[in-house]
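Note sheet for the following structure.
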Amino acid sequence: MTMDHVTTLECTLCGAEYDPDQVIYTCPEHDGVEGILEVKYDYDVVHDRFDAELDGNITSQWKYEAFLPVHEEASVVTLNEGGTDLFDAPGLSEALSVRTLVKDDGRNPTGCFKDRASSIAVTKAKHDGREIIICASTGNAAASLSGYAARGGLDCRIFVPGDAPAGKLAQPLVYGADVLAVDGSYDEAYDLSMEATGEYGWYNRNAAINPFQVEGKRTVGHELAEQSVARGEVPDWVVFSMGDGCTIAGAWKGFREFYDLDYVEDAPKMLGVQAEGASAIHDAFHGHDDVEEIAQTLADSIAVGRPRNTLKACRALEESGGTSVLVEDEAILEAELLLGSTEGIYTEPAGATPIAGVQTAREAGIIGADETVVVCSTGFGLKDTESAKQATGGVNRVEPRIEEINELYGDEAAAADD
Ligand SMILES: [Zn+2]
């Protein structure tokens, strides 16, 4: 057994330490799943193991294998996740009146950011000799895990809220997973998955409580750091939407590691964005007492009433000198359309949420006009076409006659004749 670079699993609440070779999800000293564990590394060993060039050529997240908590002899289950483009976005920048780049994680193998984590989860489950892997999800994690389980030859069972978008329910079925559409909210689906894990001993990939798989989310931070080095500039802000909170926490941890190791000269501030109707992390970060456990937003990927990683997310915002903002659903839909129409990048509502957040933060004076911003699109738009219909107002219906086209574009025909 060699995982020399991983030292312990440390409880984020009481600091108790656990053996990283043990399958343990949360610290048993606390109620429920409150005692979230964090993977700790020996960075001298990590640094010695890491010999890649930070030249911006990234074909997958496994370029950063030295940083990932897998055994050296484990065979990696991968579909080449990560290595996503960081695009200049001149049209979007103009619309937001601040220089903006887009990290397009919607182009991961199953169409979402979570592939980074699923690859780790399935690699570890397989190495542990597990045959069944499960998760609860608002949709994307389920589709992602199902794909990687299929790739790794594991059985997969997923718990999703019954009203998840149709595209997200179809995808895991094609990957051969058992899809359990729970008649209830995401929070209820989550609780049921936890109960079933206890009862049946399945390997649970739930991002918020599985301390390992969330570590895959760091690679987006590693990539942003490497892309900063290659471009010769570090963004002032990196913006993510927040559901359970582990994505922004993972991204920050990854970037901070490269900064702490002097691989990159500066670190960005993190801006976390939530929908008005699902604002628990924002409320906690700003010290609001009346935190409501509601989750009302069309951005289904971040419709979380009781985030499991509030602590880690708030720490990322605080350590980086960042903050959080809230946006309305209408602004999210407008942002989805804005990104698609200015840059040709089709994102799902949760992926458009950071753009709406930049708009809000610009208006509030949080982001200055002379700063540089990276927004992360975390999911591909085709997963949820219903919201796009709302955002765009739909198509032109025409009869199959040229007169109908003339009615629309007649002026252009006249101009072409001249
Ligand atoms: Zn503890």
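Bear in mind that the values in this text are calculations on the coordinates, not laboratory data. In this text, all values refer to a predicted model and were calculated from it rather than measured experimentally. Reconstructed Cβ throughout: ideal geometry from the backbone, glycine too, with neighbour counts over all protein chains shown.
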Cα-Cα longer than 26 Å, checked against LYS126/LYS269; LYS40/LYS124; LYS40/LYS383; LYS103/LYS269, kept in input order, equals LYS126/LYS269; LYS40/LYS383
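If you take the beta carbon distance between ALA230 and ALA416 as r and set R0 to 60 Å, what does 1/(1 + (r/R0)^6) give as a FRET efficiency, to the nearest 0.05?
Efficiency computed from Cβ-Cβ geometry: 0.85.
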With the dipole of the chain defined by +1 on each Lys or Arg Cβ and -1 on each Asp or Glu Cβ, the option from GLN296, THR323, TRP237 whose Cα lies farthest towards the positive pole is GLN296
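Report, please, the projected area of segment 165-264 averaged over directions, based on the convex hull of its C-alpha atoms, in nm².
Working: hull surface 34.6 nm².
Result: a mean projected hull area of 8.7 nm².
Restricting to the chain, compute how many DSSP beta bridges are antiparallel as a %, nearest 5.
Numbers: 13 of 44 bridges.
DSSP beta bridges in the chain are roughly 30 percent antiparallel.
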Length gained if ASP260 through VAL23 is fully extended, taking 0.36 nm per residue and subtracting the Cα-Cα distance, is 82.4 nm
Restricting to aspartates and glutamates and to Cα separations under 13 Å from LYS114, and discarding same-chain partners fewer than 8 apart, the set is GLU81, ASP104, ASP105, GLU215, ASP244
Residue separation between ALA66 and ASP88 times 0.36 nm, minus their alpha-carbon distance, gives in nm 5.0 nm
Note on segment 120-181: the mean projected area of its alpha-carbon convex hull, in nm², is 3.4
Contact order relative to length for segment 62-131, counting C-alpha pairs under 8 Å separated by 6 or more residues, stands in percent at 36
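Given contacts defined as C-alpha pairs under 8 Å and at least six residues apart, what's the relative contact order of segment 115-219, whole-number percent?
Numbers: 189 pairs, mean separation 36.1, N = 105.
With pairs under 8 Å counted, the relative contact order is 34 percent.
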Square roots of five times the C-alpha gyration tensor eigenvalues of the chain, ordered largest first and given in whole Å, equal 35, 25, 22
Cα-based Rg then Dmax for segment 322-418, in Å, read 18.4, 57
Fewest-first ordering of HIS222, HIS71 by Cβ atoms within 10 Å yields HIS71, HIS222
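Which of VAL76, VAL239, VAL23, VAL182 comes first, and how do the rest follow, when ranked by fewest Cβ neighbours within 10 Å?
Numbers: VAL76 16, VAL239 28, VAL23 13, VAL182 19.
Listing VAL76, VAL239, VAL23, VAL182 from fewest to most nearby Cβ atoms yields VAL23, VAL76, VAL182, VAL239.
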Using the Cα gyration tensor of segment 34-80, the equivalent ellipsoid's semi-axes, largest first and to the nearest Å, work out to 21, 16, 12
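For segment 1-119, how big is the tail of P(r) above 22 Å, as a whole percent of Cα pairs? Please report the intermediate quantities before stating the final value.
On the way: 3787 of 7021 pairs.
Value for segment 1-119 (Cα pairs over 22 Å): 54 percent.
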Placing each pseudo-label 7 Å from Cα in the direction of the beta carbon, ASP51 and ASN396 end up separated by a distance in nanometres of 6.0
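With a 10 Å Cβ neighbour count serving as the proxy for reagent exposure, in which order, fewest first, do HIS127, HIS288, HIS5 appear? Could the numbers behind the result be given before it?
Values: HIS127 15, HIS288 12, HIS5 21.
Taking fewest neighbouring Cβ atoms as first place, the list is HIS288, HIS127, HIS5.
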Taking r as the C-beta separation of GLU73 and HIS30 and R0 as 30 Å, the FRET efficiency to the nearest 0.05 is 0.35
